[in-house]
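Read through the structure below, which is laid out as C-alpha cells, and then see the notes.
Rule-based calculations on the coordinates, nothing more; no lab input. On a predicted model such as this, the values are computed, not experimentally measured, just so you know. As a convention, Cβ positions derive from the backbone with ideal geometry for all residues, glycine included, and neighbour counts pool all protein chains shown.
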Amino acid sequence: MQTILITGGAGFIGSHLTRLFVNKYPQYKIVNLDALTYAGNLENLKDLEDAPNYTFVKGDITDMLLVQELFRQYAFTGVLHCAAESHVDRSITDPLAFVKTNVIGTVSLLQAAKDAWAGQMEGKVFYHISTDEVYGSLGDTGFFTEETSYDPRSPYSASKASSDHFVRAYYHTYHLPVKISNCSNNYGPFHFPEKLIPLCIHNIINQKPLPIYGKGENVRDWLFVEDHVRAIDVIFHQGKIGETYNIGGHNEWTNIALVIELCRQMDSKLGREKGESEKLITYVKDRAGHDLRYAIDATKLKDELGWLPSLQFEEGISKTIDWYLNNREWLDHVTSGGYKNYYEQQYHKR
Ligand code: NAD
Ligand code: TYD
C-alpha cells in the first residue's frame, strides 16, 4: 500500500498527474497539498472530489510544521513534488516569491521526508518535477542532455536549478531516495492563460491582440501534458534512485510559427475567415533576458524506460483548442479577478 503526497496538484501539470494516479492506482492513497495560489484551482480536479483514494489539503509547502504533521498523519511512502511558482514573467517582477516556494518550499519537503524516513528509506521515493530551463539557452543547434551543465538565466530557472541542487544534496548527504526529471514546455487542458498557448487561445476567442515578445523567433520544445505525466509515472515506478531524466517532445516551434498555427486551426474551428485571427498578432517589447531556444534530448528515457511522446503536435494542439472552446466557463472563472490585474500590469507597460 502506497500513500503518496502530491504537491501542487491543483495546478496545470499537478492536476493531470493527480488524475492519472488516482484513477490508475485505486490501491494508492493520494494526498494533494496545494496552497491554491492564483495558479491553483480546485475546478481542475472536480471529477476526483468523491474518489475514495483522494484527499485534498489546503496548505503551503513552506509551512514546515504542517508538512511534518502530514508526514506523521499519512506516513507517506512517496512524494511527487510539483508545487512551484512557474511563470518566468512573474519571476522577473517578484523573484523572492520564487525563492520562497521553489527553494525554501522544496527544502522543507526534503527535510520532512528525511526526518520521517530516517532508518527506513527502502521503498521510498522523493520525486522532484523540474524544468529544462535550468540548462539555460541553446543556440540554433544542439540539445540539452542530462549531462548539460546548469546555466539558469531567469529568476524562475535559477530557483528551479537551486531546488534541483538541494534534491541532489539530500541524496548524496543523507541518502534520501530521490529522482528528478527536467521537462520541456507543456501544453494542454487546464493550462493557466498567462502562458503563451492558453493566453493566445483565450485572446483569439475574444478577438484581442496576440502579444509576441521581440521578433517571435524564440524556440520552445512543446509536449502534451498527458505525455509528461505518463513519463512521470514511468520514472516514479521504474526509474533509478538518484538519477535524472530529461523529458521532451522533439517538437520545436518558433513562437511566431506556433501562434500562426493556433490562428489557422482556430479560424477553421470557429468558422472565421482564413487569416482573420493572424491579424491580431502584435509584436511587443521583448522579455528581459529572454532565452532563445530550449530543446531536449530524451534518449535516456526512451532507451532505459521505453517512454516516447504519443501525440503529434497538430493533434495535441487541436485537442487542446477543443477543450478550451468546450470549457469557456473554466476560462471565464480563471480570467476574472486576479488574472485581469496581472494582465493589465504585464501588457500595458509594453
Ligand atoms: P502551475 O503554476 O500551473 O501550478 C503550480 C501549483 O502549485 C498551483 O496549484 C499552486 O497553487 C501551487 N503552489 C504554488 N506555490 C505553492 C506553495 N507555496 N505551497 C503549496 N502549493 C503551492 O505550474 P505547472 O505549470 O503545473 O508546473 C508544475 C511543476 O512542473 C513546476 O514545478 C514547474 O517548474 C514544472 N514544469 C512546468 C512546465 C510547464 O511547461 N508548465 C515544464 C516543465 C516543468
Ligand atoms: P511561456 O509560455 O511563458 O513559457 P516559458 O517562458 O517558460 O518558455 O512562454 C513561451 C514562449 O512564448 C517564450 O519564448 C515567451 C513567449 N511569449 C510571448 O511571446 N508572448 C506572451 O504573451 C507570453 C506569455 C510568452
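Quick one: which of THR141, THR106, THR77, THR131 is touching a strand residue (DSSP E or B) at 6+ places or on another chain (Cβ under 8 Å) and either more than 16 Å from ligand 1 (Cβ to nearest atom) or without any contact (Cβ under 8 Å) to a residue 12 or more places away in the chain (or both)?
Working: THR141 fails: touching a strand residue (DSSP E or B) at 6+ places or on another chain (Cβ under 8 Å); THR106 fails: either more than 16 Å from ligand 1 (Cβ to nearest atom) or without any contact (Cβ under 8 Å) to a residue 12 or more places away in the chain (or both); THR131 fails: either more than 16 Å from ligand 1 (Cβ to nearest atom) or without any contact (Cβ under 8 Å) to a residue 12 or more places away in the chain (or both).
The conditions single out THR77.
One line per residue, one yes/no per condition, for (1) in contact with a Pro (Cβ under 8 Å, 6 or more places away or on another chain); (2) surrounded by 15 or more Cβ atoms within 10 Å (Cβ to Cβ); (3) among the small types (Gly, Ala, Ser):
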site: PHE21; (1), (2), (3): no, yes, no
site: GLY59; (1), (2), (3): no, yes, yes
site: LEU66; (1), (2), (3): no, yes, no
site: VAL79; (1), (2), (3): no, yes, no
site: LEU96; (1), (2), (3): no, no, no
Taking the condition aromatic (Phe, Trp, Tyr), in contact (Cβ under 8 Å) with a residue 24 or more places away in the chain and crowded, with 22+ Cβ neighbours inside 10 Å, does PHE12 pass? yes
Index of the failed condition, LEU5 passing every other in (1) assigned to a loop (DSSP other than H, G, I, E, B); (2) at negative phi: (1)
For segment 173-187, which positions are more than 10 Å from ligand 1 (Cβ to nearest atom) and in contact (Cβ under 8 Å) with a residue 40 or more places away in the chain? TYR174, HIS175, LEU176, PRO177, VAL178, LYS179, ILE180
Selection from segment 87-124 of residues that are under 25 Å from GLY242 (Cα atoms), of a type in the set (A, V, I, L, M, F, W, C) and in contact with a His (Cβ under 9 Å, 6 or more places away or on another chain): LEU109, LEU110, MET121
Scan segment 141-166 for residues that are assigned to a loop (DSSP other than H, G, I, E, B) and surrounded by 17 or more Cβ atoms within 10 Å (Cβ to Cβ) and report the count. 6
Being surrounded by 18 or more Cβ atoms within 10 Å (Cβ to Cβ) and among the aliphatic types (A, V, I, L, M) is the filter here; which residues of segment 202-233 pass it? ILE204, LEU210, ILE212, VAL219, LEU223, VAL225, VAL229, ALA231, ILE232
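Specify the residue that is surrounded by the fewest Cβ atoms within 10 Å (Cβ to Cβ); the eligible residues are those in segment 279-306 that are closer than 26 Å to VAL88 by Cα and of a type in the set (Lys, Arg). Explain how you work it out, then say what you get.
Pass one, segment 279-306, residues closer than 26 Å to VAL88 by Cα: 280-298.
After this cut, where a residue has to be of a type in the set (Lys, Arg) as well, the list is 285, 287, 293.
Details: LYS285: 11, ARG287: 15, ARG293: 18.
Ranking the candidates gives LYS285 first.
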What's the number of the condition ALA169 fails, among (1) of a type in the set (A, V, I, L, M, F, W, C); (2) surrounded by fewer than 18 Cβ atoms within 10 Å (Cβ to Cβ); (3) in contact (Cβ under 8 Å) with a residue 12 or more places away in the chain? (3)
Residue check, PHE190 outside any helix (DSSP H, G or I), crowded, with 23+ Cβ neighbours inside 10 Å, in contact (Cβ under 8 Å) with a residue 24 or more places away in the chain and within 16 Å of ligand 2 (Cβ to nearest atom): yes
Hey, LEU33 hits all of (1) within 10 Å of ligand 1 (Cβ to nearest atom); (2) assigned to a helix (DSSP H, G or I); (3) over 30 Å from ALA288 (Cα atoms) but one; which does it fall short on? (2)
For segment 249-278: of the residues being surrounded by fewer than 20 Cβ atoms within 10 Å (Cβ to Cβ) and β-branched (Val, Ile, Thr), which is farthest from ligand 1 (Cβ to nearest atom)? ILE260
